[in-house]
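Written out below as structure tokens is the structure these notes cover.
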Number of protein chains: 2
Amino acid sequence: MNKEIFIGIDLGGTNVRVGAVTPEGEVLASQDNPLEARLGPQAGVEKISSLITRVTQQAGGRLQAIGIGSSGPVDRDLGAIQNPYTLPTWENVDIVGMLRDKFHVPATIENDADAAALGESWMGAGRGLPRLIMVTVGTGVGTAFIQNGLIYRGAGGVHCEGGHMILDPSGPECYCGAKGCWESLASGTAVGAFAREQATLHPTLMTELAEGDLQRIDAAIAAEAARRGDPLARGIFDQAADYIGLGLVNLILLFLPECIVLTGGVMRSFDLLEARIRAVIGRHNIMVPADRVALRLAGLGQQAGMIGAARAAMLHVDEKS
Amino acid sequence: MNKEIFIGIDLGGTNVRVGAVTPEGEVLASQDNPLEARLGPQAGVEKISSLITRVTQQAGGRLQAIGIGSSGPVDRDLGAIQNPYTLPTWENVDIVGMLRDKFHVPATIENDADAAALGESWMGAGRGLPRLIMVTVGTGVGTAFIQNGLIYRGAGGVHCEGGHMILDPSGPECYCGAKGCWESLASGTAVGAFAREQATLHPTLMTELAEGDLQRIDAAIAAEAARRGDPLARGIFDQAADYIGLGLVNLILLFLPECIVLTGGVMRSFDLLEARIRAVIGRHNIMVPADRVALRLAGLGQQAGMIGAARAAMLHVDEKS
């Protein structure tokens with residue numbers, strides 16, 4: 001009953017996951033619930049509070065601190081979420097202050113990509129390594145760099161956005177202002193768009209899998225078609241693998257980490273991508289020993305963000321003391 | 001007579017510069033001499049030793065430690081230079097051990113780009129800032145990252161090679177294994193090659209400046225022609241500025257430093273490049289506050305590497321104690 005526990009909260013656009021984690025990284029209890037962000041931040045914080053109370057009771061320990069990993073832009077200084085996009089109505093929500101006042105413990109907030117990377121560095125695929133980069137290839141492409149167990153931050157504490165580095169100026173326009181940034185070339189959104197484009201031009205199994213409705217074709221349908229041997233879908237994944245590989249080469253040239261951890265929806269198709277990604281890295285092995293960088297899939301699955309948020313809470317307490 | 005002094009050595013392919021630097025960063029004495037690398041490492045180390053003795057006497061202080069910033073690959077663990085390319089015959093030269101044995105003080109070695117960046121971070125254009133990236137655009141393109149006054153190193157202590165990040169896969173092939181890496185697109189070598197290519201196709205002032213010998217056209221001639229209003233040469237610098245800008249955007253997205261310090265031969269034409277480089281950065285200001293990153297020319301000139309090497313010697317002593 002006297003165990004110290006830290007609460008980790010993974011706050012996404014649709015779901016919130018709350019866990020009670022020990023200083024050794026054991027998850028004693030966790031809850032996963034729909035967030036219903038549209039009901040507003042007040043209702044959301046109440047739901048989160050009741051989940052915190054529940055997992056704290058289940059874990060049977062003493063609550064030490066709360067860490068939040070939140071989707072989208074966060075203001076770490078203000079402890080606020082600034083995210084009307086993935087969390088509609090959540091603008092300037094001082095979630096850190098609200099939870100601190102309610103539970104009378106320190107609280108802190110991180111970008112969700114940073115929190116997940118921290119989790120993987122602490123207890124997952126990059127455990128104990130001095131330099132880890134986590135790359136999330138899903139709807140978008142995100143990167144996070146963990147150095148000696150701490151989140152790397154840019155000037156002013158800002159989260160860096162390596163997913164928007166420019167890889168091919170002849171590529172598609174992105175909302176980030178670039179043409180041919182990594183996300184515009186290799187994200188699930190990009191794969192889906194390339195697949196739809198190809199399906200309008202050529203016969204492909206993808207059209208059949210989408211029951212003739214080209215607009216339904218997405219990265220998942222393309223992956224299914226590629227696995228069944230459709231050459232067009234196969235080509236789309238080859239192209240994605242080449243661009244994923246080029247982005248990884250750049251990360252390796254700039255950071256040379258011990259390990260790159262891959263996650264996100266597109267990485268569910270790692271079997272379709274791996275050989276080609278490794279071939280691209282192998283071709284760029286001259287300036288730095290690129291092939292020594294371990295390339296691993298995330299080890300903590302859906303819990304990475306929650307565990308990392310709990311770790312952020314621990315680090316926050318250490319920092320203050 | 002009791003001042004503590006640290007020796008900084010900037011060892012390039014043609015010249016060696018040796019200076020006596022105080023813990024406050026004051027250069028008390030320095031010497032710049034041709035190295036004549038081809039005479040072999042033994043002769044080279046003797047020359048360097050006599051320069052060390054001379055500047056130590058001139059400075060009139062107590063020698064504490066020696067730092068070397070060396071062109072090309074260095075093996076920091078072995079303290080050796082591995083550079084038969086820019087220092088012919090210098091292969092596996094244990095310069096650190098030789099100088100340590102001769103002067104009976106600690107000695108250390110760094111890549112020259114890292115040493116110069118350390119100098120700029122300590123006493124130059126990035127003084128006191130937590131995150132500085134130095135970009136050298138000369139014969140090649142090199143990058144170095146200084147974090148809280150220390151050199152960032154990759155796994156195994158390896159120097160990173162951001163100058164070879166891929167920016168445009170439709171670009172020229174590079175010895176690094178990539179097509180369209182930053183160096184292949186924006187280095188002085190690349191600018192010269194583009195200029196010669198253009199001069200074979202179209203009439204240009206560059207041909208006149210090279211006295212009709214197209215093979216003599218290089219980045220310096222292109223810069224001269226651009227300043228005199230030659231549209232072809234102007235276009236070549238516009239293209240170089242665009243690629244320099246794209247590379248800087250990627251560094252900003254991945255590191256978001258307070259400051260980027262520019263140096264190298266091509267940066268002598270900063271007046272031809274600046275407006276366009278800043279425009280490229282301004283177009284990529286959405287994901288991170290790119291326009292807040294200070295873009296500065298190096299402040300220590302030719303002394304950056306020497307001063308940084310002396311600083312590396314100080315840090316080496318601190319690290320050991």
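As a summary of the residue check, residue B:280 satisfies the conditions (1) touching an Asp or Glu at 6+ places or on another chain (Cβ under 9 Å); (2) surrounded by fewer than 24 Cβ atoms within 10 Å (Cβ to Cβ); (3) over 25 Å from residue B:169 (Cβ atoms) except for the one numbered (3). When residue B:250 is tested against the conditions (1) modelled with pLDDT under 95; (2) closer than 20 Å to residue A:166 by Cα, the lone failure is (1). Scanning segment A:178-225 for residues that are acidic (Asp, Glu) and either free of Cβ contacts under 8 Å to residues at least 24 places away in the same chain or under 23 Å from residue B:253 (Cβ atoms) (or both) turns up A:183, A:197, A:208, A:211, A:213, A:224. Being more than 20 Å from residue B:245 (Cα to Cα), more than 16 Å from the chain's Cα centre (by Cα), of a type outside the set (Lys, Arg) and modelled with pLDDT under 95, is that true of even one residue in segment A:145-157? The answer is yes; a qualifying residue exists.
Residue selection: residue B:283 satisfies the criterion of being of a type in the set (D, E, K, R), facing chain A (nearest Cβ under 10 Å), under 27 Å from residue A:180 (Cα atoms) and over 22 Å from the mean Cα position of the chain (by Cα). All told, residue A:170 falls short of being more than 10 Å from chain B (Cβ to nearest Cβ), under 30 Å from residue B:258 (Cα atoms) and modelled with pLDDT of 95 or more.
Which of the residues spanning segment B:144-167 are facing another protein chain (nearest Cβ under 10 Å) and in a loop (DSSP other than H, G, I, E, B)? Of everything in segment B:144-167, those that are facing another protein chain (nearest Cβ under 10 Å) and in a loop (DSSP other than H, G, I, E, B) turn out to be B:152, B:153, B:154, B:158, B:159, B:160, B:161, B:165, B:167. Which residue is nearest to residue A:310 (Cα to Cα), if the candidates are limited to segment A:150-169 and must be of a type in the set (A, V, I, L, M) and without any contact (Cβ under 8 Å) to a residue 40 or more places away in the chain? The extreme case among them is A:158.
State whether the residues of segment A:123-140 include one that is touching a Cys at 6+ places or on another chain (Cβ under 7 Å), assigned to a loop (DSSP other than H, G, I, E, B), touching a residue at least 24 places away in the same chain (Cβ under 8 Å) and within 14 Å of another protein chain (Cβ to nearest Cβ). Checked segment A:123-140: at least one residue is touching a Cys at 6+ places or on another chain (Cβ under 7 Å), assigned to a loop (DSSP other than H, G, I, E, B), touching a residue at least 24 places away in the same chain (Cβ under 8 Å) and within 14 Å of another protein chain (Cβ to nearest Cβ). Scanning segment A:84-132 for residues that are polar (S, T, N, Q) and in contact with a Gly (Cβ under 8 Å, 6 or more places away or on another chain) yields A:86, A:89, A:108, A:111, A:121. Here A:238, A:230, A:213 are screened, and the one residue that is under 24 Å from residue A:171 (Cβ atoms), of a type in the set (D, E, K, R) and surrounded by fewer than 20 Cβ atoms within 10 Å (Cβ to Cβ) is A:238. The residues of segment B:234-270 that are within 8 Å of chain A (Cβ to nearest Cβ) and not in a helix (DSSP H, G or I), listed by number, are B:256, B:257, B:258. Residues that are charged (D, E, K, R), touching a residue at least 60 places away in the same chain (Cβ under 8 Å) and not assigned by TED's automatic domain parsing to the domain that holds residue B:70 occur at least once in segment B:242-264.
May I ask you to list the residues in segment A:166-177 that are under 20 Å from residue A:254 (Cα atoms) and either touching a strand residue (DSSP E or B) at 6+ places or on another chain (Cβ under 6 Å) or surrounded by fewer than 20 Cβ atoms within 10 Å (Cβ to Cβ) (or both)?
So the first thing to find is which residues in segment A:166-177 are under 20 Å from residue A:254 (Cα atoms), and the list is A:166-169.
Scanning segment A:166-177 gives A:166, A:169.
Residue pairs whose Cβ atoms lie under 6 Å apart, sitting 6 or more positions apart in sequence or on different chains, and linking a residue in segment B:282-308 that is farther than 21 Å from residue B:128 by Cβ to a partner that is of a type in the set (D, E, K, R) and not in a helix (DSSP H, G or I), are B:287/A:161; B:288/A:161.
For every residue, the table says whether it meets (1) among the aliphatic types (A, V, I, L, M); (2) touching a residue at least 24 places away in the same chain (Cβ under 8 Å); (3) assigned by TED's automatic domain parsing to the domain that holds residue A:306.
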{"position": "A:24", "(1), (2), (3)": "no, no, yes"}
{"position": "A:27", "(1), (2), (3)": "yes, yes, yes"}
{"position": "A:35", "(1), (2), (3)": "yes, yes, yes"}
{"position": "A:41", "(1), (2), (3)": "no, yes, yes"}
{"position": "A:46", "(1), (2), (3)": "no, no, yes"}
{"position": "A:51", "(1), (2), (3)": "yes, yes, yes"}
{"position": "A:56", "(1), (2), (3)": "no, yes, yes"}
{"position": "A:59", "(1), (2), (3)": "yes, yes, yes"}
{"position": "A:64", "(1), (2), (3)": "no, yes, yes"}
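If we scan segment A:94-110, do we find a residue that is outside any loop (DSSP other than H, G, I, E, B), in contact with a Lys or Arg (Cβ under 8 Å, 6 or more places away or on another chain) and among the acidic types (Asp, Glu)? Yes, the conditions are met somewhere in segment A:94-110. Screening residue A:193 with (1) more than 29 Å from residue B:292 (Cα to Cα); (2) crowded, with 18+ Cβ neighbours inside 10 Å; (3) modelled with pLDDT of 95 or more gives one miss only, at (2).
Please determine whether any residue of segment B:23-38 is buried (at least 20 other Cβ atoms within 10 Å of the Cβ), under 27 Å from residue B:138 (Cβ atoms), of a type in the set (D, E, K, R) and under 19 Å from the mean Cα position of the chain (by Cα). There is no residue in segment B:23-38 that is buried (at least 20 other Cβ atoms within 10 Å of the Cβ), under 27 Å from residue B:138 (Cβ atoms), of a type in the set (D, E, K, R) and under 19 Å from the mean Cα position of the chain (by Cα). Looking only at residues in segment B:14-39 that are in contact with a Pro (Cβ under 9 Å, 6 or more places away or on another chain) and modelled with pLDDT under 90, which one is nearest to residue B:60 (Cα to Cα)? Among those residues, the one meeting the criterion is B:15. Among residues of segment B:1-15 that are free of Cβ contacts under 8 Å to residues at least 40 places away in the same chain and closer than 16 Å to residue B:116 by Cβ, those with a beta-carbon under 7 Å from a residue that is among the polar types (S, T, N, Q) and not in a loop (DSSP other than H, G, I, E, B) at least six positions away or on a different chain give the pairs B:15/B:33.
A count restricted to segment B:124-144 and to residues that are surrounded by fewer than 24 Cβ atoms within 10 Å (Cβ to Cβ) and within 20 Å of residue B:319 (Cβ to Cβ) stands at 1.
The values are calculated or read from the model by the stated rules, or taken from the named source; none is laboratory data. Being a predicted model, the structure only gives us computed values, none of them experimental. So basically every Cβ, Gly included, is an ideal-geometry build from the backbone, and we count neighbours across all protein chains shown.
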